[in-house]
1. Which of the peptides 125-138, 362-375 is most tightly packed, and how do the rest follow, going by the mean number of other Cβ atoms within 10 Å of each residue?
2. Can you work out the accessible area per residue across segment 141-185, with the rest of the protein chains kept in place, probe 1.4 Å, in square angstrom?
3. If packing is taken as the average number of other Cβ atoms within 10 Å across a peptide's residues, how do 412-423, 214-225, 184-195, 87-98 rank, most packed first?
4. Computed FRET efficiency, Cβ-Cβ of Phe140 and Asp114, R0 35 Å: what is it to the nearest 0.05?
5. Around Ile141, with a cut-off of 11 angstrom between Cβ atoms, what is the net charge of the other residues, counting Lys and Arg +1 and Asp and Glu -1?
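The values are calculated or read from the model by the stated rules, or taken from the named source; none is laboratory data. The structure presented is a predicted model; accordingly, all values stated were derived computationally and were not measured. Ideal geometry is used to build each Cβ from the backbone, glycine not excepted, and the neighbour counts take in all protein chains shown. All accessible areas refer to the heavy atoms of the entire protein, side chains included, with ligands and DNA or RNA removed. Shrake-Rupley method; radii C 1.70, N 1.55, O 1.52, S 1.80 Å.
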Amino acid sequence: MLHFRLLLLKTCPPCLLCGCCPSSNNSTITRLVFSFFLLLGTMVSVIMILPGMETQLRKIPGFCQGGTAIPGIENKVNCDVIVGYKSVYRMCFAMTCFFFLFSAIMIGVRSSKDPRAAFQNGFWFFKFLILIGITVGAFFIPDGTFHTVWFYFGVVGSFIFILIQLILLIDFAHTWNKVWVENAENSNNKCWFAGLLSFTFLHYALAITAVVLFYVYYTQPDGCTEHKVFISLNLIFCIIISIVSILPKIQEAQPHSGLLQASLISLYTMYVTWSAMTNNPDRNCNPSLLSLVTPGPVQWWDAQGIVGLVIFLFCTLYASIRSSSNTQVNKLMQTEEGTGSGGEGVVGEDGIRRAVDNEEEGVTYNYSFFHFHLCLASLYIMMTLTNWYQPDTTTQAMQSSMPAVWVKMSSSWLGLGLYLWTLIAPLIFPDRDFS
């Protein structure tokens with residue numbers, strides 16, 4: 001009976017998902033379930049900063065009694081702000097620890113024959129209990145310097161995750177372009193080319209519109225020099241990658257490279273630029289600056305934060321189901337070359353459809369790296385939901401800071417450089433396979 005219960009706990013979630021997933025492979029189901037854990041934690045974090053929740057959170061003993069225990073601002077800050085801030089940090093701290101734990105455990109797993117693979121692909125109920133236990137414990141961590149230290153962990157982790165998001169977008173655009181071009185060539189249907197052209201035009205139109213709006217709302221004729229430099233540089237860089245992507249030599253080396261990928265990367269770069277400028281503490285240059293300590297209601301949300309969550313959700317889902325033939329991206333993401341949707345699932349004697357174990361000969365993705373990616377995603381969510389703000393012990397308020405601005409801008413420049421490298425690498429190293 002005990003063995004049956006353990007077997008049930010091990011296999012149930014994949015069974016439930018098997019019927020609705022695009023692939024019935026065990027590797028895909030597992031990634032979707034872990035991504036669901038991350039999205040569940042994200043939902044809880046969002047709920048914690050909704051208006052009215054601070055009343056319930058303040059009931060936690062010692063969590064906010066007339067103020068907070070952060071050094072330098074005792075009994076002086078708005079509890080409505082600090083409770084939400086602390087709750088998000090603790091929830092995301094728990095998720096980060098959870099995924100980092102699995103990242104460490106799964107180092108070196110080569111196939112599903114490894115005993116650790118059974119823990120990776122099953123025992124979901126116990127994993128859920130572990131996550132709950134870490135979360136409960138996180139809410140009783142003494143304040144001290146926890147928030148300050150964890151803020152810098154969040155900054156570094158988010159910087160890396162923004163780059164991973166860009167890699168996933170590059171891979172998505174590459175796959176999108178390749179599939180639609182092949183469909184157009186095989187079917188002689190010009191609608192596929194019209195679709196590619198339409199989306200490329202849309203991406204560039206949105207990017208150009210963003211640049212115009214940035215100059216109008218985030219610069220001043222006699223000031224805001226940093227913003228002018230940021231906007232102008234990224235505009236120039238986007239023009240450069242667009243031109244390079246259609247050069248004859250590049251097209252010869254990479255037939256599937258083109259303006260679709262460059263347009264999507266340009267649009268994402270403009271989003272990161274916008275996100276960076278909204279963290280500038282100078283209100284003259286940042287009309288969308290949130291004031292988290294005000295006499296009126298606390299405003300946690302802004303447009304760029306919502307857009308950031310949407311992009312995060314897309315990239316998380318795509319990372320779970322992606323099946324790519326892009327060698328460069330597969331090496332960066334530590335995954336194997338895509339082999340399609342795989343099997344149709346196995347129906348047991350009891351009539352229950354179960355996922356196919358497609359990793360007996362070798363794993364299709366690096367278990368450890370996948371969990372590390374979710375670990376970074378947890379830090380990115382923490383920073384996004386708190387608008388990259390941190391407590392200012394001088395003014396007793398939560399304020400934005402220039403380090404957040406420079407981290408985001410640096411990630412956009414490094415990301416553009418990474419995309420440019422994917423274009424020119426086959427020319428520099430012609431003997432290597434960059435297909």
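1. Highest to lowest by the protection proxy: 362-375, 125-138.
2. Result: 38 Å² of accessible area for each residue.
3. Details: 412-423: 18.7, 214-225: 13.8, 184-195: 12.2, 87-98: 24.1.
Top to bottom by mean Cβ count within 10 Å: 87-98, 412-423, 214-225, 184-195.
4. After rounding, the FRET efficiency stands at 0.50.
5. Every neighbour counted, the sum reads +1.
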